[in-house]
1. Filter the GluC sites (Glu not before Pro) in the range 100-167 down to the DSSP loop ones having no more than 13 other Cβ atoms within 10 Å, then list what survives.
2. For Lys164, which lysines qualify as cross-link partners when the Cα separation must be under 16 Å and same-chain residues fewer than eight apart are set aside?
3. Under 4.7 Å Cβ to Cβ, no partner at all: give me those cysteines from the chain, in residue order.
4. When the chain is fully extended, how far beyond the present Cα-Cα distance does Gln53 get from Glu141, taking 0.36 nm per residue of separation?
5. Test of understanding: what is the full-extension gain from Tyr126 to Gln104, defined as 0.36 nm times their sequence separation minus their Cα-Cα distance?
6. Would you mind checking the radius of gyration and Dmax of the chain based on alpha-carbon positions, in Å?
7. Using Stokes-Einstein with the Kirkwood hydrodynamic radius over Cα pairs, what translational diffusion coefficient do you get for the range 269-365 at 37 °C and a viscosity of 0.692 mPa s, in µm²/s rounded to a whole number?
8. Subtract the Cα-Cα distance of Glu333 and Leu16 from 0.36 nm times their separation in residues, and report this length gain in nm to one decimal.
Amino acid sequence: MHRSLLSSEHSTEGLLIAGKVEANIRLTPEEGLWLFEQGELGWLGMLADIVRQRNNGNKVFYIRNFHIEPTNVCVNKCRFCSFSHHFSKEQWELSVDQILERVQQQPDGVKELHITGAVHPGRDLYYYGDILKAIRKIRPELHIKAYSAVELDYMITRAKLSFKDGLTYLKECGLDSVPGGGAEIFDETVRRDIAGMKSSSETWLKIHETAHKLGISSNATMLYGHLETYAHRIDHLERLRQLQDQTKGFNAFIPLKFKNWNNEMDQLPEVAITEDMRNYAVSRIYLDNISHLKAYWPAIGKQNSRISLSFGVDDMDGTINDSTKIYSLAGAEEQSPVFTVSEMQEFIRSAGREPVERDSLYNPL
Ligand code: V47
């Protein structure tokens, strides 16, 4: 065992866990909880680094991507959501033509389009299918990662189709993968409190499972730093780990820090950056079967993302091109999120890592 992991300040429990991580043996939920509650932060960083290096060596991935958020009009009223029309000062509904115009404006070389928005009561599965078809027609080379499980639940259920048939239809229209949004926190009590009646955890997991079985890969997120406890976070990671054992369909895990501007939970303080790093590290250590851990820099800021590279993160998401409002409306440091390719490469090199441009499935380009 590496000498630094044998520091005397660590208990028997800590040494046992360090040994398991080094030997690539899966941790139990109790051990995961111990890491959250008792693991010293620098030590957690070292353990997370072992997993990161085993999975990805010195590489840090990024992608040339952009977002389209078709609408923020939402049937749900999640208390944490600064994006929806309930709390935002802005309200919008893009037409298919406006969406296509945004797609056309993107420079050559962009690889991925991330579409996510709100659950609009007047839009249906066929409208969302038409968006995919129209984009496919004008930019066939783009990977379209679209519609969170919560949006999918609403549009497919309204169309009276099974998740399998609804997703198959969208795949035929051009859907390539599913983003990780809407997972929030799986614990049913906290979820009900912060997200009301929106799609249940079971439904979120079922939709991702169905997508994976149809060959549509996806991401997973976790909204943290609000009312949840460490035990709830471990429960969330455990449910994802179990599904990944079955399907192997998750590409990346993306912790999303609760931001407290312009929403119904604005009385809650945001957690400290040390808590963000603890969360990255424990997630990296615990999720032994999800290869990539993503720092979503528009949410936590570029500088904090750099620090996260020492706590298990190997993926910087993408260049974004100032195309998302979800986090700027919630008060994120990055009010106009843009990373040029050369800035991104320099940023990763300056952290001592090798920048690797990837496609949506993490193939190096
Ligand atoms: O599900 C909304 C979060 C998510 C707030 O798959 C908030 O690559 C914090 O899922 N404070 C949507 N978070 C964004 C998302 C995502 C982002 C980046 C990459 C990927 C991917 C997916 O945003 C929502 C919710 O958890 N969110 N409001 C807020 N006030």
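1. Glu141
2. Straight-distance partners of Lys164: Lys206, Lys213.
3. When partners are defined as cysteine Cβ atoms under 4.7 Å apart, the chain leaves Cys74, Cys173 without one.
4. Details: separation 88, 0.36 × 88 = 31.68 nm, distance 3.13 nm.
Residue separation times 0.36 nm, minus the Cα-Cα distance, leaves 28.5 nm.
5. On the way: separation 22, 0.36 × 22 = 7.92 nm, distance 2.21 nm.
So the chain would gain 5.7 nm between Tyr126 and Gln104.
6. Taking only Cα atoms of the chain, I get Rg and Dmax of 19.8, 64 Å.
7. Details: Rh = 14.1 Å.
Calculated translational D: 232 µm²/s.
8. Numbers: separation 317, 0.36 × 317 = 114.12 nm, distance 3.89 nm.
Between Glu333 and Leu16, full extension yields an extra 110.2 nm.
Laboratory data are not the source of any read-out in this text; all were calculated from the coordinates shown. Bear in mind the structure is a predicted one, so any value in this text is a computation, not a measurement. Cβ atoms come from the backbone with ideal geometry, glycine included; neighbour counts cover every protein chain shown.
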